[in-house]
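As structure tokens, the structure follows; a few thoughts come after it.
The values are calculated or read from the model by the stated rules, or taken from the named source; none is laboratory data. None of the values given here were measured: they were computed from a predicted structure. Positions of Cβ are generated from backbone atoms using ideal geometry, with glycine treated the same way; all protein chains shown enter the neighbour counts.
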Amino acid sequence: VAILTKEQGVERASVFKLIRWAIAIGGLLTFVVLLLGNRFEVCKVESGAGKDGATVTTTCGGPTVTDASVVAVGLLLVLLLAPDMSEVGVLGVSLKRRLEAAEQKATDSEAKADRLESQLQMQNLRVDTISQNFAAAQATNQVFVVTSDAIKQADTRLPDKIDAFSRGEALTPNTVVPSDPSVGTDTPDPFLVSRILENWEILNASLNLQPRGHGVGGDRFRVNLSSDEIELFRSTFDEEIRIVRAMRNNVAHAVPIPNEDLQRVVDISEQLLRFLRSTPR
């Protein structure tokens, strides 16, 4: 089956149009010439019985609009010119052009609606991404400061809490109250800083404490726990986890912290990790 190009299709349609118009105009002129020359008549034949027998009467005259021959010629002209009737112009605007303009407008509106829908989906995706990033940043950048006394008390109580937790005793978590930061005069020990950062990443990965980015180092050493174990551990050692998080955020944001407090919080984090790794599963 031969496939016509758009130009070939237009050319073929033009040829058919010329043929139709030629037949229509030729037929109409022939009909008019015959009509004016009285060569086209409509005759009516009537038969009847007279005194001398059967009588046949023929009556001829010019055609009328209701005659079958006139109606047939009119239908032929309509059929020939029907494909081009849509191009008949009214005040310079044809029906075909109006239809084409309406179809083009509908197509443009549909394409515009599709573009708007795509833009809306992209905008919603961007808003969701920004919200998630903002929540992660808020959780990470929160500077939660506790006093040196609170750190000492938590460090002192932690071994007893671990023993009680191991025996299955019910514990009530202590509440850590934010306070003014303890200003340190010494430079933070780089080793302690690296230890608190690393320990926090492992705790964070193991206990699902806050959103993390891809490729975080703590994921390599995370401790696999069930959801019930995570919930119980987090509720029991909430005070110590908050202290470790606060110290991690403080050193990450260069908040002055005494090395003594930093050492105690590193010890707390390592005790939590040791107990977390030794928890029977």
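Quick notes on this structure:
- The C-beta contact set for the stretch 221-249 (first residue assigned by TED's automatic domain parsing to the domain that holds Ala205, second residue among the hydroxyl-bearing types (Ser, Thr, Tyr) and part of a helix (DSSP H, G or I), distance under 7 angstrom, 6+ apart or interchain) comprises Arg222/Ser206; Val223/Ser206; Leu225/Ser206; Val244/Ser269.
- Ala136 vs. criteria assigned to a helix (DSSP H, G or I), at pLDDT below 55 and surrounded by 13 or more Cβ atoms within 10 Å (Cβ to Cβ): yes
- Every residue from the stretch 216-240 that is surrounded by fewer than 17 Cβ atoms within 10 Å (Cβ to Cβ) and modelled with pLDDT under 80: Val216, Gly217, Asp219, Arg220, Phe221
- Any hit, the stretch 189-200, residues being outside any helix (DSSP H, G or I), at pLDDT below 85 and of a type in the set (D, E, K, R): no
- Identity of the residue in the stretch 55-101, among the acidic types (Asp, Glu) and assigned to a helix (DSSP H, G or I), that ends up modelled with the highest pLDDT: Glu100
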